[in-house]
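Enquirer: Let me give you the structure first, and then I'll get to my questions.
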């Protein structure tokens, strides 16, 4: 098992703030569930918040994909991944299918792709840019494990505001062209993720009308598919 630990400074405006990005453990479960509750309030389904059985699987099956950020002793953000075998020609999938509903019992130790199961930050800490730091840290895991890519479905929580005016595909295109901003899709683009395709019925998510944009980051040290 490889333990991840990285001390950095993040910024609250112009003020540097010490932060620790590290592997999470069983001792962190209460704080991780709090992150979920604060990150994904209703109308997001509370049934999709982590429970202790899921978190136990994360640290047991793939500890390299279980990361959190600690600020002054408080858990502020977390990110969870698992390994899958992915082929760009594969059919669409749902979050439940790909992640075993967050239990990751289908994690493949010899998989070629790190799949993002979840990322979230407590609202009080979001101005510190912790989500981007977690994403960059998970890219480091991709490189260390010699994987082909990081992959995951990004919610479209801003789509609900314009769903009566445009299709989900047109909404995504407008965000990519900079005509609109989406809290998740714009964030992923800023993190270096690139669009793969729009997927329907990805997650029970009222704000996104159940759509998600499959987004990837390819390992720059490996040959790329055409």
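The values are calculated or read from the model by the stated rules, or taken from the named source; none is laboratory data. Just so it is clear, the structure is predicted and the values come from calculations on it, not from any experiment. Cβ sites come from the backbone with ideal geometry, for glycine too, and all protein chains shown count toward neighbours.
Enquirer: From the list 205, 160, 170, 164, exactly one residue is more than 20 Å from residue 90 (Cβ to Cβ), out of contact with any helix residue (DSSP H, G or I) (no Cβ under 8 Å at 6 or more places or on another chain) and at pLDDT below 95. Which is it?
Expert: After applying the criteria, what remains is 205.
Enquirer: Any idea which residue in region 190-200 is nearest to residue 134 (Cα to Cα), counting only those that are in contact (Cβ under 8 Å) with a residue 40 or more places away in the chain and surrounded by 14 or more Cβ atoms within 10 Å (Cβ to Cβ)? Spell out the reasoning first.
Expert: Going residue by residue through region 190-200, those that are in contact (Cβ under 8 Å) with a residue 40 or more places away in the chain are 190-193, 196-197, 199-200.
Narrowing further to those that are surrounded by 14 or more Cβ atoms within 10 Å (Cβ to Cβ): 191-193, 196, 199.
On the way: 191: 10, 192: 13, 193: 13, 196: 21, 199: 24 Å.
The extreme case among them is 191.
Enquirer: Has region 48-56 got at least one residue that is touching a strand residue (DSSP E or B) at 6+ places or on another chain (Cβ under 7 Å), surrounded by 15 or more Cβ atoms within 10 Å (Cβ to Cβ) and not in a strand (DSSP E or B)?
Expert: No, region 48-56 contains no residue that is touching a strand residue (DSSP E or B) at 6+ places or on another chain (Cβ under 7 Å), surrounded by 15 or more Cβ atoms within 10 Å (Cβ to Cβ) and not in a strand (DSSP E or B).
Enquirer: Moving on. Among what's in region 30-47 and is in a loop (DSSP other than H, G, I, E, B) and free of Cβ contacts under 8 Å to residues at least 60 places away in the same chain, pick the residue that is surrounded by the fewest Cβ atoms within 10 Å (Cβ to Cβ). Let's see the steps before the verdict.
Expert: Filtering region 30-47 for residues in a loop (DSSP other than H, G, I, E, B) gives 40-45.
Among the residues that remain, those that are also free of Cβ contacts under 8 Å to residues at least 60 places away in the same chain are: 41-42.
Values: 41: 10, 42: 7.
Filtering region 30-47 for residues that are in a loop (DSSP other than H, G, I, E, B) and free of Cβ contacts under 8 Å to residues at least 60 places away in the same chain, the one surrounded by the fewest Cβ atoms within 10 Å (Cβ to Cβ) comes out as 42.
Enquirer: Continuing with this model, one more query. I'd like the residue in region 85-103 that is in contact with a strand residue (DSSP E or B) (Cβ under 9 Å, 6 or more places away or on another chain) and farther than 22 Å from residue 218 by Cα and, out of all such residues, is surrounded by the most Cβ atoms within 10 Å (Cβ to Cβ).
Expert: Among them, the one singled out is 102.
Enquirer: If a residue must be more than 19 Å from residue 135 (Cα to Cα) and either loosely packed, with under 10 Cβ neighbours inside 10 Å or modelled with pLDDT under 95 (or both), how many such residues does region 1-29 contain?
Expert: 5
Enquirer: Could you tell me how many of the residues in region 132-162 are more than 18 Å from the chain's Cα centre (by Cα) and in a helix (DSSP H, G or I)?
Expert: 4
Enquirer: When the residues of region 58-84 are filtered to those that are touching a residue at least 12 places away in the same chain (Cβ under 8 Å) and out of contact with any strand residue (DSSP E or B) (no Cβ under 7 Å at 6 or more places or on another chain), which remaining residue is surrounded by the fewest Cβ atoms within 10 Å (Cβ to Cβ)?
Expert: Selected residue: 72.
Enquirer: Right, something else. Restricting to region 163-189, give me the number of residues that are surrounded by fewer than 15 Cβ atoms within 10 Å (Cβ to Cβ) and assigned to a loop (DSSP other than H, G, I, E, B).
Expert: So in region 163-189, the residues surrounded by fewer than 15 Cβ atoms within 10 Å (Cβ to Cβ) come out as 164-167, 169-170, 177-179, 181, 183.
Now narrow it down to the ones that are assigned to a loop (DSSP other than H, G, I, E, B): 164-167, 177-179, 181, 183.
The qualifying residues number 9.
Enquirer: From the residues in region 137-162 that are surrounded by 16 or more Cβ atoms within 10 Å (Cβ to Cβ) and without any contact (Cβ under 8 Å) to a residue 60 or more places away in the chain, which one is nearest to residue 63 (Cα to Cα)?
Expert: Among residues in region 137-162 that are surrounded by 16 or more Cβ atoms within 10 Å (Cβ to Cβ) and without any contact (Cβ under 8 Å) to a residue 60 or more places away in the chain, the one nearest to residue 63 (Cα to Cα) is 155.
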